[in-house]
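For reference, the structure discussed in these notes is given below.
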Amino acid sequence: MQIDFGDITPHERYKLLTAAVVPRPIALVSTLAPDGTVNAAPFSFFNVFSEYPALAILGLQHAPDGSVKDTTRHILDNGEFVINLVDRDLADAMAVCAARFPAGISEVAAAGLSVTGSQHIKTPRIIEAPVSLECRTWEIRQITSTRHLAVGEIVAMSAREGLIDPETLYFDMKAYEPVGRLVANSYCHTNDRFELSVPTWPDDFSGKPPTLRQTSKPTSARGKS
């Protein structure tokens, strides 16, 4: 089956992309309102982008009525945010934070979470999160009338005690069990793991290059002969 994205609606693209690109990490993003209220909203259109500089990216969508959501507005106003990673213990509270609360209502309070001060920015982090990334806005760009792309520079990380070896900076992956977003209301654990070694050329190839197999002739791009 082949699908041309030019022939389907944005909603249909969303359905396909969120089902195909799985699992996706979840960012429970905390931001600070002008009155000091701490808001939190989950995003699975999220990932880290580079280490030098250390950057993370967020896909920020407007509300169904076209209005700018609190997270986007706060990032635009303050130039900072915290990405709190979600593990199984935090998953239920994360789902509560996804509800559409009226403006001025803190998702953090509604979900029974608690916050503490960050190291380098004013926006607090969520204490219950296994890992938190403090971000200053590197760039935020309006992509369409209903979506922004935010790039944040990660200036500090906080982790639950015991997750990171202070000498090697290795994570204890048995203790760290983030959850992944699948599609709709489906999520997955990340504790079913296996290891793969990257082969070394030429030792692991018996001196012979791998053979490229092509099973079908590629078609030309639409509009070109």
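Scanning segment 90-99 for residues that are open to solvent by 40 Å² or more (accessible area, probe 1.4 Å) and outside any loop (DSSP other than H, G, I, E, B) gives Asp92, Ala95, Val96. Hey, can you tell me all the residues within segment 95-121 that are of a type outside the set (A, V, I, L, M, F, W, C), touching a strand residue (DSSP E or B) at 6+ places or on another chain (Cβ under 7 Å) and closer than 20 Å to Lys69 by Cα? Across segment 95-121, the qualifying residues are Ser106, Glu107.
All conditions in (1) under 22 Å from Thr116 (Cα atoms); (2) in a helix (DSSP H, G or I) hold for Thr31, with the sole exception of (2). Could you list, in sequence order, the residues of segment 64-89 that are not charged (D, E, K, R) and not in a loop (DSSP other than H, G, I, E, B)? Within segment 64-89, Thr71, Thr72, His74, Ile75, Leu76, Asn78, Phe81, Val82, Ile83, Asn84, Leu85 qualify. Residues considered: Ala156, Ala150. Of these, the only one that is out of contact with any helix residue (DSSP H, G or I) (no Cβ under 6 Å at 6 or more places or on another chain) and either open to solvent by 40 Å² or more (accessible area, probe 1.4 Å) or not in a loop (DSSP other than H, G, I, E, B) (or both) is Ala156. Sub-9 Å Cβ pairs linking a first residue in segment 158-174 that is at pLDDT 95 or above to a second residue that is hydroxyl-bearing (Ser, Thr, Tyr) and open to solvent by 70 Å² or more (accessible area, probe 1.4 Å), at least 6 apart or interchain, are Ile164/Tyr170, ordered by first then second residue.
If I filter segment 100-121 down to residues being in a loop (DSSP other than H, G, I, E, B), hydrophobic (A, V, I, L, M, F, W, C) and open to solvent by less than 50 Å² (accessible area, probe 1.4 Å), which single residue comes out as nearest to Ala156 (Cα to Cα)? If you could, list the steps in order and put the result at the bottom.
To start, the set of residues in segment 100-121 that are in a loop (DSSP other than H, G, I, E, B) comprises 100-106, 111-114, 117-121.
Cutting the leftovers down to hydrophobic (A, V, I, L, M, F, W, C) gives us 101, 103, 105, 111, 113, 121.
Right, trim to open to solvent by less than 50 Å² (accessible area, probe 1.4 Å) and you get 111, 113, 121.
Numbers: Ala111: 25, Leu113: 21, Ile121: 9 Å.
Selected residue: Ile121.
A residue that is open to solvent by 70 Å² or more (accessible area, probe 1.4 Å) and modelled with pLDDT under 90 occurs somewhere in segment 180-191.
Set side by side, the residues Asp77, Asp35, Asp4, Asp70 differ, and just one is at pLDDT below 95 and either touching a Phe, Trp or Tyr at 6+ places or on another chain (Cβ under 7 Å) or surrounded by fewer than 20 Cβ atoms within 10 Å (Cβ to Cβ) (or both), which is Asp35. Of the residues making up segment 129-142, at least one is touching a residue at least 24 places away in the same chain (Cβ under 8 Å), touching a strand residue (DSSP E or B) at 6+ places or on another chain (Cβ under 8 Å), surrounded by 19 or more Cβ atoms within 10 Å (Cβ to Cβ) and part of a loop (DSSP other than H, G, I, E, B).
Restricting the first member to segment 196-213 and to residues that are on the phi > 0 side of the Ramachandran plot, and the second to residues that are at pLDDT 75 or above and open to solvent by less than 100 Å² (accessible area, probe 1.4 Å), no beta-carbon pair is closer than 6 Å while six or more apart or on different chains. Checked against (1) of a type in the set (A, V, I, L, M); (2) open to solvent by less than 10 Å² (accessible area, probe 1.4 Å); (3) farther than 20 Å from Ser145 by Cβ, Ala20 passes all but a single condition, namely (2).
Quick one: would you say Asp204 is at pLDDT 95 or above, open to solvent by less than 100 Å² (accessible area, probe 1.4 Å) and of a type in the set (Asp, Glu)? Please lay out each step first, then the result.
Numbers: at pLDDT 95 or above: no; open to solvent by less than 100 Å² (accessible area, probe 1.4 Å): yes; of a type in the set (Asp, Glu): yes.
So Asp204 fails the test.
The values are calculated or read from the model by the stated rules, or taken from the named source; none is laboratory data. These numbers come from a predicted model, not from an experiment. Backbone-built Cβ (ideal geometry, glycine too); neighbour counts: all protein chains shown. Side chains are part of the model used for accessible areas, which takes the heavy atoms of the whole protein and leaves out ligands, DNA and RNA. Shrake-Rupley method; radii C 1.70, N 1.55, O 1.52, S 1.80 Å.
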